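What follows is a short report on a single structure.
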Amino acid sequence: MEATRDATAAWRMDDASLWHACGEAQDLRRAAYTRLVEMVAELWNRTGRSKEDRVSLVAQVQTQLRVTKKDALQIVAHAQLFGREAVRDAARAGDLDADRLTVLDQTLTQAPIPDRDRVEAELLQHSDLPLHQFRLAAKRILVLLDQDGPEPKDDLAQPKREFHYSNRVDGSVAFRGTIDPESGALLAALISPLAKPKADDTRTTPQRQGDAFTDIIELAAGSDKLPDEGG
């Protein structure tokens, strides 16, 4: 009966009210996930925090919560991440959802241990960005950290950007080139979601990436920031 009343109420709501209700539901969903991770974090803190303890906890989460192993691994990884006070506080404040926690966890794992605190602080400052931009921010941070490493040799000191292309007889275009690491990370972040295989996708990985690259060209061509020829 309650479900019927709720459905009727939703049927009577205008679009603006429905979107407002969706936003409230999303906030509740994010808060519920944060609460779940906090409980698992407490269970993790009660173990010896060894590799075997982690394996055991993942198995328990999978069984007790009736989730897939992939989801259990994610929940436990986020629970371990909650050992960082700033991350836990940001999640409680509603600034971090499951996807952003995953990006943060993966980024901190890749960052050198001495740099992880400042990487965390920098990423938390960008938690309000849309998810794809948050991922790009994470990649940029890792690239810049790599640039802070040992000084490169003189012939590699300046980033190289080269692009060569030629028209074939059939009208297609062949190209090759080199771009700097930061731009390369951005390109990879752009291509990756566009090149994901679809259901019953028979394309090879190079074919999917080629299609993704043309999608990026089309998106760039539609930008109002594109300069005029020679401009």
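The values are calculated or read from the model by the stated rules, or taken from the named source; none is laboratory data. Keep in mind it's a predicted model, so treat the numbers as computed, not measured. Every residue, glycine as well, gets a Cβ built from its backbone with ideal geometry; the counts of neighbours run over all protein chains shown. To get the accessible areas, we keep the full protein, side chains included, count just its heavy atoms, and leave off ligands, DNA and RNA. Shrake-Rupley method; radii C 1.70, N 1.55, O 1.52, S 1.80 Å.
Each of ALA195, HIS132, ALA59 was scored by the projection of its Cα onto the charge dipole of the chain, and the greatest displacement toward the positive side belongs to ALA59; charges sit on the C-beta of Lys, Arg, Asp and Glu.
Take the Cβ atoms of ARG92 and ARG46, set R0 to 30 Å, and the FRET efficiency comes out at 0.90. Farthest towards the positive end of the charge dipole of the range 1-85, among the residues LEU73, CYS22, MET39, is the Cα of LEU73, using unit charges on the Cβ of Lys, Arg, Asp and Glu. Ranked by the mean number of other Cβ atoms within 10 Å of their residues, highest first, the peptides 181-188, 198-205 come out as 181-188, 198-205.
Distance between the pseudo-spin-label points of ALA21 and LEU36 (7 Å out from Cα toward the beta carbon): 2.3 nm.
Please find the FRET efficiency linking ASP99 to HIS164, where r is the Cβ-Cβ separation and R0 is fixed at 35 Å, and quote it to the nearest 0.05.
On the way: r = 38 Å, r/R0 = 1.08.
Taking R0 as 35 Å, the efficiency between ASP99 and HIS164 is 0.40.
Charges at C-beta only: +1 for Lys and Arg, -1 for Asp and Glu. How large is the resulting dipole of the chain about its Cα centre, in Debye rounded to 20? Numbers along the way, then the final one.
Numbers: 31 positive and 39 negative charges, 194 e Å.
Value, rounded to 20: 940 debye.
For the chain, a Gaussian network of Cα nodes joined below 10 Å ranks VAL103, VAL61, VAL37 by mean-square fluctuation, and the top entry is VAL61.
Find the accessible area per residue for the chain; the probe is 1.4 Å, ligands and nucleic acids are left out, and the unit is Å². Kindly include the intermediate steps, with their values, before the conclusion.
Numbers: 16850 Å² over 231 residues.
It amounts to 73 Å² per residue over the chain.
With respect to the cross-link table entries LYS51/LYS139; LYS160/LYS225; LYS196/LYS225; LYS70/LYS225; LYS70/LYS139, which display a Cα-Cα separation exceeding 32 Å? Beyond 32 Å: LYS70/LYS225. Computed from the Cβ-Cβ distance with R0 of 30 Å, the FRET efficiency linking LEU187 to ARG116 stands at 0.70.
For the range 16-65, applying the loop criterion from DSSP together with a ceiling of 16 other beta carbons within 10 Å to the trypsin sites (Lys or Arg not before Pro) yields ARG46, ARG49. Helices meeting the span-like rule in the chain (full DSSP H runs, Cα extent of at least 30 Å along the helix axis, mean Kyte-Doolittle score of -0.5 or higher): 15-45. Here the alpha carbons of the range 20-80 define both size measures, Rg and Dmax, at 13.1, 45 Å.
Using only helices, what value at 222 nm comes out for the chain when you add -39,500 (n - 2.57) per DSSP H run of length 4 or more and divide by the total residues, to the nearest 500 deg cm²/dmol? Write down the numbers at each step before the final one.
Working: 10 runs with 148 residues, N = 231.
About -21000 deg cm²/dmol.
Ligands, DNA and RNA left out, the 1.4 Å accessible surface of the range 10-145 is 51% carbon and sulfur atoms.
Compactness of the chain, taken as the C-alpha radius of gyration over 2.2 N^0.38 Å, stands at 1.33.
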